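Read-outs: derived from the displayed coordinates by stated rules, not from any lab. Computed from a predicted structure; not experimentally measured. Counting neighbours? That spans all protein chains shown, and the Cβs are built from the backbone with ideal geometry, glycine included.
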């Protein structure tokens, strides 16, 4: 990307709507409630022929630095410092407020290029607010409608005029576009690559990791500790994170893309529309991740919601790792750890052997061990087993424990192969697949975990009936 643009303004002026318009996706949560956005969110923007990085920010609210609003504004100030250009958004329909004038004064003192954007200019009675924007001393306002996409050409021209054509259209753009095309083509073929056998695990491939858990479990603090900076908003208040924010960093030479998600409470307690949107965004992050870390609060572990989150991740087919956060608050670590291991095996039988790591995002204890567990689990999640080994294994399992007879007829398991990885899925050719009991499937899955060293990842076993060329003739005789 050629340059970086930060979107700033007071709450509820349409910053996130404009952000979604420029990135072409509904990445940021949008609601009529003021102050929805809290963390700064970057994205790749496209505006006519411009390509740049856009940063959505929290709205300015006058408050002390120790308050939540003060910490939110500190995140916005970092975005302004990082950006080459600022889009200052005002509400033309509502008009100017003292907060708008305060922010305009701060931007003037900053000395960086500013484009004044009068949003909601399509509304009736917005002319007064539009002309009042001239009084801010930031030049001619650009009238737009972020919701309806009006005025985007004027916004493009204003950005080019403010930042200069040399910055807006660097000569390296041609090379960047070529590289982007290569990335897109690879992305389109990802599904085909997953269907091919990959006996060797790629240690250099970027890894997507989602961090989930109940509110106030310490998810954002954990990611900040990995990054070595206060990138995500944290604090003692529960439910600070609303959007799912992705950040990238390197661990031992490998790119890790982590998704911070909103805390998920029990479904019965999620009543407000905004919280429902946040939870839906978190669920979407789980589906797009490869490995999911479920963060437990060690002071109150194994709440019902914790177990439901683990079950959700397993049903989605993701690789799962448990992180017992706030370990520095545990009084007797050795006895507590033994108790956690016993409860993990007993309460999570569907994820037998799942890796559980004690750690502390506040002090940094156990973070390297947690990252190693994430990589090891991802290796298992990508594992493929040769057909020859599987059929030799299947013969041994059937000999040791034959499938039961149903309606006086013995079930025969003839052939087994792995049809896919991510997660590992196997197909068994057999007679009367609909009659295979669930208990026998669990027997096969548990022994697959033990014999092929695949703990903690979801394993799928499907059955397929063998083709009988005489089946149709038998039906005709009846």
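Side notes on the structure shown:
- Tensor-based shape of the stretch 8-84 (alpha-carbon gyration tensor, a/c under 1.5 rounded, otherwise prolate or oblate): oblate
- Entry note, the chain: the mean residue ellipticity at 222 nm calculated from DSSP H runs of n ≥ 4, each adding -39500 (n - 2.57), is -11500 deg cm²/dmol after division by the residues and rounding to the nearest 500.
- Shape analysis of the stretch 304-422 based on the Cα gyration tensor places the equivalent ellipsoid semi-axes at 37, 18, 13 Å, largest first.
- Sequence-separation-based contact order of the stretch 48-165, relative, with Cα cut under 8 Å and 6+ spacing, percent: 23 percent
- Equivalent ellipsoid, the stretch 1-150 (semi-axes from 5 times Cα gyration tensor eigenvalues, Å): 20, 19, 16
- Taking every DSSP bridge with both residues inside the chain, close to 35 percent are antiparallel.
- For the pair the stretch 337-352 / the stretch 36-60, the C-alpha centres are spaced 43 Å from each other.
- For the pair residue 365 and residue 227, the difference between a 0.36 nm per residue extended length and the Cα-Cα distance amounts to 48.2 nm.
- Counting only DSSP beta bridges whose two residues both lie in the stretch 387-474, roughly 55 percent are antiparallel.
- Classified by the C-alpha gyration tensor, the stretch 195-381 has a rounded form. Its axis ratio a/c, with a ≥ b ≥ c, is below 1.5.
- Diffusion of the chain by Stokes-Einstein, at 20 °C in a medium of 1.002 mPa s and with Rh set to the Kirkwood radius over alpha-carbon pairs, works out to 84 µm²/s.
- FRET efficiency, residue 134 to residue 425 (Cβ-Cβ, R0 51 Å, nearest 0.05): 0.20
- The chain, relative contact order in percent, only Cα pairs under 8 angstrom and at least six apart counted: 10 percent
- When the square roots of the Cα gyration tensor eigenvalues are ordered a ≥ b ≥ c, the ratio a/c for the stretch 387-474 is 1.5 or more and a/b exceeds b/c, which makes its shape prolate.
- Take every DSSP beta bridge whose two residues both sit in the stretch 195-381; close to 25 percent of them are antiparallel.
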